[in-house]
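Worksheet: one structure, shown below.
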Amino acid sequence: MENEKYYFNILSKKTISVLNNSSKMLTELINNYYFPTKKGDYKDKVMLYEEVIFRITNNTELYSLINDLLRIKISDKTNGYYSLKTINNIIKINLIYLREVKNMKEFNESEVKQANYYGYLLRQFYLSKGSEHKLSGISYRLLNALKVNNKDSFMDTLLNCYLYVDKPVPKIIIEALDNEDIFKTVGYAYVAGLFGEYKKGDENNG
């Protein structure tokens, strides 16, 4: 017991509000996990429920976790136990954190769903052209741009994609460029959609 470390945080009202407003989605994270290393060593297993709560209570955004989980879905789907719904829930939890802690009131969950749907649509365009094999490389480039907040690289990749399918870049992505947090939130929701999952009825136009 003498080597055990204990961490005690005095939670702010805003942090408590984030946890309360995310309680249903947090519960759905229980039993979900991933391995930070490719070896799948159970000593390194990260439980997502605990990790998300730890980050929120330490005033840490969830972007890097979302990035890691999406990369695993591309490279090694066996390196964890979670679904795309899990990732979308973490994106939504992070949005609640941004609204409560960083006062980002001008962006809401319906816009996250919209970005996710546009990513799903691009996937369908590529499937119709027999180019599904290109999506992994596109996803990696988008994730690399999001990780370092490189809006130019993100847009260059997307412009090439939409030129390829002869479609316009969605308005929601262009409008997101004005705000770093909105850009990352839209970007990660969009990349999650590229993996081919969305909930029917989320495709609000705009």
Set of the range 145-184 residues, backbone N closer than 20 Å to the point 7 Å along the Cα-Cβ line of S64: 145-151, 180-184
The range 27-128: equivalent-ellipsoid semi-axes (sqrt of 5 x gyration tensor eigenvalues, Cα, Å): 23, 21, 10
Sequence order, the range 99-114: Karplus ³J(HN,Hα) from phi using 6.51 cos²θ - 1.76 cosθ + 1.60, θ = phi - 60°, Hz rounded, Gly and Pro as x, gives 5, 7, 8, 9, 6, 8, 7, 7, 10, 10, 5, 4, 6, 5, 5, 5
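Based on Cβ point charges of +1 for Lys and Arg and -1 for Asp and Glu, what charge dipole magnitude is obtained for the range 44-109 about its Cα centre, in debye rounded to the nearest 20? Show your work: numbers first, answer last.
Working: 10 positive and 9 negative charges, 35 e Å.
The calculation lands at about 160 debye.
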Using C-alpha positions alone, give me the convex hull volume of the range 74-159 per residue in cubic angstrom. 130
Among 88-99, 172-183, 20-31, the order from most to least packed when residues are scored by Cβ within 10 Å on average: 88-99, 172-183, 20-31
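Calculate, in nm to one decimal, what L11 and L159 gain on full extension: separation in residues at 0.36 nm each, minus their alpha carbon distance. Before the final figure, lay out each step's value.
Working: separation 148, 0.36 × 148 = 53.28 nm, distance 4.30 nm.
Result: 49.0 nm gained on full extension.
How high is the relative contact order of the range 20-168, in percent, with contacts defined as C-alpha pairs under 8 Å that are six or more residues apart?
On the way: 107 pairs, mean separation 28.9, N = 149.
Once divided by the residue count of the range 20-168, the mean separation gives 19 percent.
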Over the chain: helical MRE at 222 nm, DSSP H runs n ≥ 4 each giving -39500 (n - 2.57), nearest 500: -19000 deg cm²/dmol
Under a 5 Å amide H to amide H cut-off, with H placed in plane at 1.01 Å, what residues pair with Y81 once short-range neighbours are removed? Y33, Y34
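Given the chain, what whole percent of its Cα pairs are spread farther than 28 Å? Provide the component values of the computation, followed by the final result.
Details: 5882 of 21115 pairs.
Everything past 28 Å amounts to 28 percent.
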Which log10 I(q)/I(0) values, to two decimals, does the range 113-197 give at q = 0.14, 0.24, 0.26 Å⁻¹ under the Debye formula with one point per Cα? -0.39, -1.25, -1.49
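Throughout, read-outs are computed from the coordinates displayed, never taken from laboratory work. Predicted model, so just to flag it, every value in this text is computed and none were measured. Note: ideal-geometry Cβ built from the backbone for every residue, glycine included; neighbour counts use all protein chains shown.
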